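Peer 1: Below is one structure. I have some questions about it.
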Amino acid sequence: MLGVMLIAPCVLIFCAVIVYPLVSAVYLSLFNIFTPTLKGNFVGFQNYADLFAGEEFWRSLFNTLVWTVCTLFLQVVLGVAAALMLHQAIVFRALARSLILFPYFVSTVVAVLVWRWLFNDLYGILNHLMMWSGLLQMPLDWLGSMPNAMVSIVLVGAWKYFPFVVIAILARLQTIPDQLYEAATIDGAGAWARFTDVTLPQLKDVLMVVVLLRAIWDFKEFDLIYLMTGGGPLISTQTLPLMVYKEAFGLDAMGRATAVAVAMMAVMLVFMVLYLRRMGKEEAR
Amino acid sequence: MKRIAFNLMAWTIVLVTAFPLIWMVITSVKPQFELFRIPPTFWPEEITFEHYRRLLWETPFLLFMRNSLILSFSTTVLVVGVATLGAHSLVRFRYPGRERLAQLVLFTYLLPSVVLILPLYLMMVWLGVANSLLSLVIAYTSFALPYALWLLRSFMQGIPDDLESAALVDGATRMEAFFDVILPQALPGIISTSLFTFILSWNEYLYALVLVNTDSARPLTTGVMSMLVSSFNIEWSLLMAASVMMSVPLIIIFAVLQKYLTRGFGAGGVKG
Amino acid sequence: MTETTRSGLSRRSLGTALGAGAVALAAPGGARAQTPTTLRWWSPQTAPAQREAYNFQIRTFEEANPGVRVVFEATSDEGYPAQMAAAFASGQVPSVVTHLPHFAVATYWQNGLLEPFNDVINMIGTSNFYEGANRIYEITPGQFAGTGIGNSAANMMWLRRDLMQRANIAEAPRTWDQLRDACRRMQGGGVFGAPLPYARNSMTSLIFICFVHGAGGSIFTPDLQVNVDNDAFRNALEFYKSMRELCPPGATNYSWGESLTAFVAGATATGIYTGRVLANVAAQNPRIADSVTCARYPTISTNVAPWTFNDFPSVMIPKVAPNMALAKRFAAHLFRADGYIRQLHAAPGHVLPVLKTISAMPQYQENALIQKYRAEVDLMSESAAAGHNLGWESTRHRPNTAAGRIIASHVLAEAVQRYVINNEPMAAVVSTTAQRLEALMRG
C-alpha cells in the first residue's frame, strides 16, 4: 500500500502532463483542424493516408534517421575516446575534464549561436582559419548547401552531446578493478588487447543504456536543428519534429501535425522494442 | 617523453573541443566594430567590458536570469522529490503492474515536445496559471520526470537489499528505513540526477518560446534570443556576452558538484 | 475569463476533445480573478528604443485612465504563430496586438477571430489616413480587420555612393541588367555585390515575390488563380539565379538580420531592406553614413514600374478580448501624435507613418536622421504608401487570406532553392510550385 502511495505522485503527474496530451494527440490526428481555433471536422485516417502518400514525410523520416545515426555514432566514439583519455593521468586533469564536459552544459541556444558565429561566411573565424591554412580557397557555405548543412548539424550535435557519454563512461571506468588489467598484462596483452578484452566488455552495460537514452533524445531533437538550419536547404535537414512544428504552427494544420507526431512515435517505439528485446537477450546470456 | 607527447595530444584535443567556448569569451570583449572586420582578428585589438555593462544595466537580463534560476530550482526540487519516492517504490515494493509501469516510463519519454505544447497550454489556462513561471515548471516535468525516474531507479537498484532489511529488523518502519538508510546511500545518485535535471530545465527553449511571453516569466534562453536576435539586428557582441553569463551559474554548480556527477553515475552503474 | 475560455473551447466538434476535461472542471475552478482593468499589449518589434517609446505611450494612457494597467508583452517573429494559436485556442487573448504582418491579420479575420476595427479607425479619424491606407484591411466589405500601425518599404535598394564612384557608376541602376552590371563592377576586395537571400525562410519567399513583380508578373491573378506558369515567373527565377555569384556564400542561409548586417557592415555594395538601414549605419558603421542612399528596386525593363513590398505592420484586437471598449481606446491612443512620433523616431524610416497628418508635423521631421536623409525618407514614404504584398498584390487584386500559409509553407523559397542551388530544370520547378500553390489555396 505504501509502495503505491509513493509512486502515486509520479503517476498523477504522468497522467496530467503526458498521458492526457498523448491521448488528445492521437484523437486530434483524426481531424482536420485549424490550429488557432482548434475547430475542425472528422476525417478518419485521411491525415495518415496523405502523409504516407506524400514525399515530405518519408524524406523527413530519412533525414531524422541519418541525423540520429550519424550524430549518435560520433557521440559514442568520441565519448568513449575522451573518457579513456581523461581517465589517464594528465596535467590539470580536473580542468581538462571540465572543459570537455562543458559543451553539454551550455544551453542549445548558446551553442547554436556560437557555432553560427564560427560558421559565418564573412566574419567567421572557421572559414578564415581554413583559408589561412590553405585548406580552402573560398569561404565555405557551411549551413546553406548540401551535404554541408547535414554534416554541420551532425558535427555540432556530436560536439554538444558527446560529454554525456563521457560522464557515463568515466563513471564506469572508475569502478573497473585494477586486478583485471594486471591479470591481462601478465598474460601478455598489449594496450589494444587490454582495451578490447577488459575495458570494452565492462563498458557494455552502460553503453547499451547510454545509446538508448541518447538515441531517443537525438530522434526528438528540435532546438538545435531548428535554430541552426531551420530544416533547409529545401527540406534536406528537416527532421520529423521540425515537420510537426511547421504543420502545427506554420500551416495551422494541427491534425496533420499530430499525425506526423504519432507516426514518429510509432517508429521510435518499434526501434525501442527491438532494442530492449536485444538487450534483454544479452543480459540473459 | 611518451608522457609529454600524450599530455600534449590530450590538451590539444581538449582545447579544440573547448574552442567555440573560448571564442565566445574572446568575441564578447571585442568592441562591436571589430567584429565585422574582414578578415576577422583573432585576439581583440582592444578589450572592452562595455557589452557586459549594457547587458546588466540596460536590459532585463538580470530579470531573465532570476526567472531561469527560480524555474530550474523549482523544477529540480519538484521532479527529483517526486521521482525519488517513485523510484524507491519501483525498486523496493511489490505490487501488480510494477514492471509495466517502469517500461511505460520509458515510453512516455518518446513523446516529442512539439505535440505536447497546445494541450499543455490549454491545461495551463484551465488551471489559471498560463503565462507564468509555474506553467513552465509543470510543462518541464513532462520531459524531466521520466528521465529522473529512469536514472534514479537504476541508482537505487545498486543499493543492496540487506541494508534496508537490517533496519527493518531493528524495528524501523519502512519510511524510517527509507530516510535513515536508503536516502544517504542514494545521495550521490540524487545529486547527479538533480544536476542533469537542472541542466535540462536551464537549457529548455521550445516550451519557453510558446508558453510564456511576459518578461516577468521569461527565462534566459528565449529572453536573450528575442531581445538580441531580431529581423533588423543580430547583436553578436551582446549575444556572446550573454552566452558567457548564462554559463556562469552552471560553471559554479558544476565546479562544486563535479565529483558527484561521475561518482553518482558509477554507484549504480546506469542499468536498464 | 472563464466565460471566454469555456465558449472558446466548446465550439463544436473538437473543442470538446481537448476541452472535455477542462469544461467539466472549469465550473468549480473558475474563480480565477484577473484585475478587470488590465490590458495586454503584444508586439514582436522590441528593440530597446522602441520599448522606450511604448513605455511612454503606456504611461500617458495610464495617466489618462486611472485604475487601468497596460502590460507590454514581447512576442517574436518566430514565436508569434504558435503563441497566437495558443492564445486563441485557450480564449486567453491579448487586448491589442501590433506589428504582425498584414497577412497574419487576414488569416485570423477570415476565421472570425478578430473584432472589427471600424470604431478605432473612426476614433483616429478616417480622413487623417493616407488615401487608401486601410483598403488592404477591408477583407469583408464595410468592415476592417485591423489597421496599419505603420507602413514599410521593405525592398528598397540601398547603395553606397563611394563604391559607385570608384566603379564609375553614375546613377542608381534602374533595370536588372544595370543592377547586375553594377554589382559585378563593385564586387571585389572582400565586398560582394548584393545580400539577396537564398534560404528556406520567409524572407526569401517575400523578396522573390518582389522580383516576380519586377518582371511584370504576379503570383496570383486578380481573382486569385495561380499565375506562375509564365515568362514573368521564369524570368524572375532566371535573374535571381544569375545574381547568386554576386551574393556572399552564406546567402543560402540569410534572413533579414544577416542581409541587413551585410550591407551595414560594408560587406556588400548594395542592400535590400527598409529604412532601418539608416539607424543601423549611424550606430554601427558611421564611416559610410555619408555615402548611403537608396532607390526603388530595379525591374526587368523601364516598361515595368517598380513594385514596393509593404508588409503593413498591423494593429488588431482579438474578438474575445476582455474590456473591449478600453482596448479600442488604447489602440486609438497608439496613434496620438506625441507617442506615435516617438515610436516612429525609434528607427527613422523603418516604420513610416500611416497618417498624413503626422508626416506633415514639424515634430516628426525634427529628427537628425530624417533631416539628413530627407530625400530617402520621402522616397520611402511615397513608395510604401503605394505598396503591396502577397495578401493584396495590386489594386486590382482581391485580398488573399491564404498568403500567410503560403509564406509559412516556404513554397516560393523552395522554388528558388530548387532552381538556384539544386539546378533542377525550370519546367519541373514551375510545375511543382504551381501544384503546391494550388493545394495551399484549396486549404
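Peer 1: Any idea which of C:V93, C:V68 is more than 13 Å from C:V315 (Cβ to Cβ) and touching a Leu at 6+ places or on another chain (Cβ under 7 Å)? Even if it seems obvious, please write down each step before you answer.
Peer 2: Values: C:V93 fails: touching a Leu at 6+ places or on another chain (Cβ under 7 Å).
Going through C:V93, C:V68 in turn, the sole match is C:V68.
Peer 1: Also: Would you please list the contacts, defined by Cβ atoms under 9 Å and residues six or more apart or on different chains, that run from a residue in segment B:207-221 that is farther than 17 Å from A:T35 by Cβ and facing another protein chain (nearest Cβ under 8 Å) to a residue that is of a type in the set (D, E, K, R) and part of a helix (DSSP H, G or I)?
Peer 2: Here the result reads B:T221/A:D223, each pair linking segment B:207-221 to a residue that is of a type in the set (D, E, K, R) and part of a helix (DSSP H, G or I).
Peer 1: Which residue is surrounded by the fewest Cβ atoms within 10 Å (Cβ to Cβ), if the candidates are limited to segment C:222-231 and must be in contact (Cβ under 8 Å) with a residue 60 or more places away in the chain and not charged (D, E, K, R)? Show your work before the answer.
Peer 2: First, the residues of segment C:222-231 that are in contact (Cβ under 8 Å) with a residue 60 or more places away in the chain: C:222-224, C:226, C:228-229.
Next, only the ones that are not charged (D, E, K, R) stay: C:222, C:224, C:226, C:228.
Working: C:P222: 13, C:L224: 16, C:V226: 17, C:V228: 24.
The extreme case among them is C:P222.
Peer 1: Would you say C:F192 is at pLDDT 90 or above, buried (at least 21 other Cβ atoms within 10 Å of the Cβ), in contact with a strand residue (DSSP E or B) (Cβ under 8 Å, 6 or more places away or on another chain) and facing chain A (nearest Cβ under 10 Å)?
Peer 2: On the way: at pLDDT 90 or above: yes; buried (at least 21 other Cβ atoms within 10 Å of the Cβ): yes; in contact with a strand residue (DSSP E or B) (Cβ under 8 Å, 6 or more places away or on another chain): yes; facing chain A (nearest Cβ under 10 Å): yes.
In short, yes.
Peer 1: If you go through segment A:48-61 one residue at a time, do you hit one that is without any contact (Cβ under 8 Å) to a residue 40 or more places away in the chain, over 26 Å from B:Y121 (Cβ atoms) and facing chain B (nearest Cβ under 10 Å)?
Peer 2: no
Peer 1: Being surrounded by fewer than 23 Cβ atoms within 10 Å (Cβ to Cβ) and either in contact (Cβ under 8 Å) with a residue 24 or more places away in the chain or within 12 Å of chain C (Cβ to nearest Cβ) (or both) is the requirement here; does A:A257 meet it?
Peer 2: So A:A257 does not fit the description; no.
Peer 1: Got at least one residue in segment B:150-161 being hydroxyl-bearing (S, T, Y) and either in a helix (DSSP H, G or I) or without any contact (Cβ under 8 Å) to a residue 12 or more places away in the chain (or both)?
Peer 2: Within segment B:150-161, the subset hydroxyl-bearing (S, T, Y) is B:154.
Filter once more, keeping what is either in a helix (DSSP H, G or I) or without any contact (Cβ under 8 Å) to a residue 12 or more places away in the chain (or both): B:154.
There is at least one residue in segment B:150-161 that is hydroxyl-bearing (S, T, Y) and either in a helix (DSSP H, G or I) or without any contact (Cβ under 8 Å) to a residue 12 or more places away in the chain (or both).
Peer 1: With the requirement that a residue be among the charged types (D, E, K, R) and either at the interface with chain B (Cβ under 8 Å from one of its Cβ atoms) or within 24 Å of the chain's Cα centre (by Cα) (or both), what does segment C:34-78 give you? Don't jump to the end; show me each part of the working.
Peer 2: Taking segment C:34-78 and keeping what is among the charged types (D, E, K, R), we get C:40, C:51-52, C:59, C:62-63, C:69, C:73, C:77-78.
Listed by number, the residues that qualify are C:R40, C:R51, C:E52, C:E73, C:D77, C:E78.
Peer 1: Restricted to segment C:168-178, and to residues that are buried (at least 16 other Cβ atoms within 10 Å of the Cβ) and in contact with a helix residue (DSSP H, G or I) (Cβ under 9 Å, 6 or more places away or on another chain), which residue is farthest from C:A305 (Cα to Cα)?
Peer 2: C:I169
Peer 1: Confirm whether B:P39 is over 30 Å from A:I13 (Cβ atoms) and away from chain A (no Cβ under 12 Å). Working first, answer last.
Peer 2: Details: over 30 Å from A:I13 (Cβ atoms): yes; away from chain A (no Cβ under 12 Å): no.
For B:P39, the condition - over 30 Å from A:I13 (Cβ atoms) and away from chain A (no Cβ under 12 Å) - is not met.
Peer 1: Another question about this same structure. With the requirement that a residue be without any contact (Cβ under 8 Å) to a residue 60 or more places away in the chain, closer than 22 Å to C:A82 by Cβ and assigned to a strand (DSSP E or B), what does segment A:37-47 give you? Lay out the reasoning, then the answer.
Peer 2: As a first pass, look at segment A:37-47 and keep what is without any contact (Cβ under 8 Å) to a residue 60 or more places away in the chain: A:37, A:39, A:41-42, A:44-46.
With the extra rule that they be closer than 22 Å to C:A82 by Cβ, the set shrinks to A:37, A:39.
Across segment A:37-47, the qualifying residue is only A:K39.
Peer 1: Are there any helices (runs of 4 or more DSSP H) wholly within segment C:1-107 with 2 or more residues that are in the same structural domain as C:A279 (by TED's automatic domain parsing), of a type in the set (F, W, Y) and modelled with pLDDT of 50 or more, and if so which?
Peer 2: Once the helices (runs of 4 or more DSSP H) in segment C:1-107 are filtered for at least 2 residues that are in the same structural domain as C:A279 (by TED's automatic domain parsing), of a type in the set (F, W, Y) and modelled with pLDDT of 50 or more, nothing remains.
Peer 1: Tell me whether segment C:124-131 contains one or more residues that are under 30 Å from A:M138 (Cβ atoms), among the hydrophobic types (A, V, I, L, M, F, W, C) and in contact (Cβ under 8 Å) with a residue 24 or more places away in the chain.
Peer 2: No, segment C:124-131 has no match at all.
Peer 1: On to the next question. Exactly one of these conditions fails for C:L163: (1) outside the structural domain of C:P322 (by TED's automatic domain parsing); (2) within 30 Å of C:R418 (Cβ to Cβ); (3) crowded, with 20+ Cβ neighbours inside 10 Å; (4) not polar (S, T, N, Q). Give me its number.
Peer 2: Failing condition for C:L163: (2).
Peer 1: Could you please let me know if A:V198 is in a helix (DSSP H, G or I), facing chain B (nearest Cβ under 9 Å) and among the aliphatic types (A, V, I, L, M)? Give the derivation first.
Peer 2: On the way: in a helix (DSSP H, G or I): yes; facing chain B (nearest Cβ under 9 Å): no; among the aliphatic types (A, V, I, L, M): yes.
No.
Peer 1: Let me spell it out: the conditions are (1) surrounded by fewer than 20 Cβ atoms within 10 Å (Cβ to Cβ); (2) part of a helix (DSSP H, G or I), and B:F196 meets all of them except one. Which number is the exception?
Peer 2: (1)
Peer 1: Since B:V181 meets every condition but one in (1) closer than 30 Å to B:L110 by Cβ; (2) of a type in the set (A, V, I, L, M, F, W, C); (3) more than 14 Å from chain C (Cβ to nearest Cβ), which condition does it not meet?
Peer 2: Checking B:V181 against (1) closer than 30 Å to B:L110 by Cβ; (2) of a type in the set (A, V, I, L, M, F, W, C); (3) more than 14 Å from chain C (Cβ to nearest Cβ), the one that fails is (1).
Peer 1: Now, a different point. Give me the pairs, please: first residue somewhere in segment A:224-238 and facing chain C (nearest Cβ under 9 Å), second residue anywhere and of a type in the set (D, E), beta-carbon distance under 7 Å, and either six or more positions apart or on two chains.
Peer 2: A:L234/C:E414; A:I235/A:E56
Peer 1: Which of the following residues is surrounded by fewer than 15 Cβ atoms within 10 Å (Cβ to Cβ) and under 22 Å from B:L209 (Cα atoms): C:P81, C:P101, C:P94, C:P48? Give the steps one after another, and end with the answer.
Peer 2: Numbers: C:P81 fails: surrounded by fewer than 15 Cβ atoms within 10 Å (Cβ to Cβ); C:P101 fails: surrounded by fewer than 15 Cβ atoms within 10 Å (Cβ to Cβ); C:P94 fails: surrounded by fewer than 15 Cβ atoms within 10 Å (Cβ to Cβ).
Answer to the selection: C:P48.
Peer 1: Further question on the same structure: Does C:R374 satisfy being outside the structural domain of C:L344 (by TED's automatic domain parsing) and either farther than 30 Å from C:N280 by Cα or at pLDDT 90 or above (or both)?
Peer 2: The answer is no for C:R374.
Peer 1: Among the residues of segment C:309-320, is any assigned to a strand (DSSP E or B), crowded, with 18+ Cβ neighbours inside 10 Å, away from chain A (no Cβ under 14 Å) and touching a Pro at 6+ places or on another chain (Cβ under 9 Å)? Give the steps one after another, and end with the answer.
Peer 2: So the first thing to find is which residues in segment C:309-320 are assigned to a strand (DSSP E or B), and the list is C:309, C:314-316, C:318.
Those left that are additionally crowded, with 18+ Cβ neighbours inside 10 Å: C:309, C:314-316, C:318.
Those still in the list that are away from chain A (no Cβ under 14 Å) too: C:309, C:314-315.
Filter once more, so that each one left must be touching a Pro at 6+ places or on another chain (Cβ under 9 Å): C:314.
Yes: segment C:309-320 contains one or more residues that are assigned to a strand (DSSP E or B), crowded, with 18+ Cβ neighbours inside 10 Å, away from chain A (no Cβ under 14 Å) and touching a Pro at 6+ places or on another chain (Cβ under 9 Å).
Peer 1: Select from segment A:88-105 the residues that are surrounded by 17 or more Cβ atoms within 10 Å (Cβ to Cβ) and either more than 19 Å from B:L250 (Cα to Cα) or within 16 Å of the chain's Cα centre (by Cα) (or both) and list them in ascending order.
Peer 2: Passing the criteria: A:I90, A:P103, A:Y104, A:F105.
Peer 1: Go through segment A:236-285 and give me each residue that's aliphatic (A, V, I, L, M) and over 19 Å from the mean Cα position of the chain (by Cα). Even if it seems obvious, please write down each step before you answer.
Peer 2: Pass one, segment A:236-285, residues aliphatic (A, V, I, L, M): A:240, A:242-244, A:248, A:251, A:253-254, A:257, A:259-270, A:272-274, A:276, A:279, A:284.
Across segment A:236-285, the qualifying residues are A:A248, A:L251, A:A253, A:M254, A:A257, A:A259, A:M279, A:A284.
Peer 1: Can you spot a residue in segment B:107-123 that is more than 9 Å from chain A (Cβ to nearest Cβ) and on the phi > 0 side of the Ramachandran plot? First the steps, then the outcome.
Peer 2: Of segment B:107-123, the ones more than 9 Å from chain A (Cβ to nearest Cβ) are B:121.
In the following step, the residues that additionally are on the phi > 0 side of the Ramachandran plot were identified as none.
Within segment B:107-123, none of the residues are more than 9 Å from chain A (Cβ to nearest Cβ) and on the phi > 0 side of the Ramachandran plot.
Peer 1: Here are some residues: B:I159, B:I199. Which one is away from every other protein chain (no Cβ under 12 Å) and either under 23 Å from A:V106 (Cα atoms) or out of contact with any Pro (no Cβ under 7 Å at 6 or more places or on another chain) (or both)?
Peer 2: Working: B:I199 fails: away from every other protein chain (no Cβ under 12 Å).
Result of the check over B:I159, B:I199: B:I159.
Peer 1: From the list C:N400, C:N367, exactly one residue is of a type in the set (S, T, N, Q), surrounded by 15 or more Cβ atoms within 10 Å (Cβ to Cβ) and in contact (Cβ under 8 Å) with a residue 60 or more places away in the chain. Which is it? Break it down into steps so the answer makes sense when it comes.
Peer 2: Details: C:N367 fails: in contact (Cβ under 8 Å) with a residue 60 or more places away in the chain.
Residue meeting the stated conditions: C:N400.
Peer 1: Something else about it: If you take the residues in segment A:3-36 that are out of contact with any Leu (no Cβ under 7 Å at 6 or more places or on another chain) and outside any helix (DSSP H, G or I), which one is nearest to the other protein chains (Cβ to nearest Cβ)?
Peer 2: A:T35
Peer 1: For A:P139, indicate whether it is outside any helix (DSSP H, G or I) and either at the interface with another protein chain (Cβ under 8 Å from one of its Cβ atoms) or in contact with a Phe, Trp or Tyr (Cβ under 6 Å, 6 or more places away or on another chain) (or both).
Peer 2: Values: outside any helix (DSSP H, G or I): yes; either at the interface with another protein chain (Cβ under 8 Å from one of its Cβ atoms) or in contact with a Phe, Trp or Tyr (Cβ under 6 Å, 6 or more places away or on another chain) (or both): yes.
It is true that A:P139 is outside any helix (DSSP H, G or I) and either at the interface with another protein chain (Cβ under 8 Å from one of its Cβ atoms) or in contact with a Phe, Trp or Tyr (Cβ under 6 Å, 6 or more places away or on another chain) (or both).
The values are calculated or read from the model by the stated rules, or taken from the named source; none is laboratory data. Just so it is clear, the structure is predicted and the values come from calculations on it, not from any experiment. Reconstructed Cβ throughout: ideal geometry from the backbone, glycine too, with neighbour counts over all protein chains shown.
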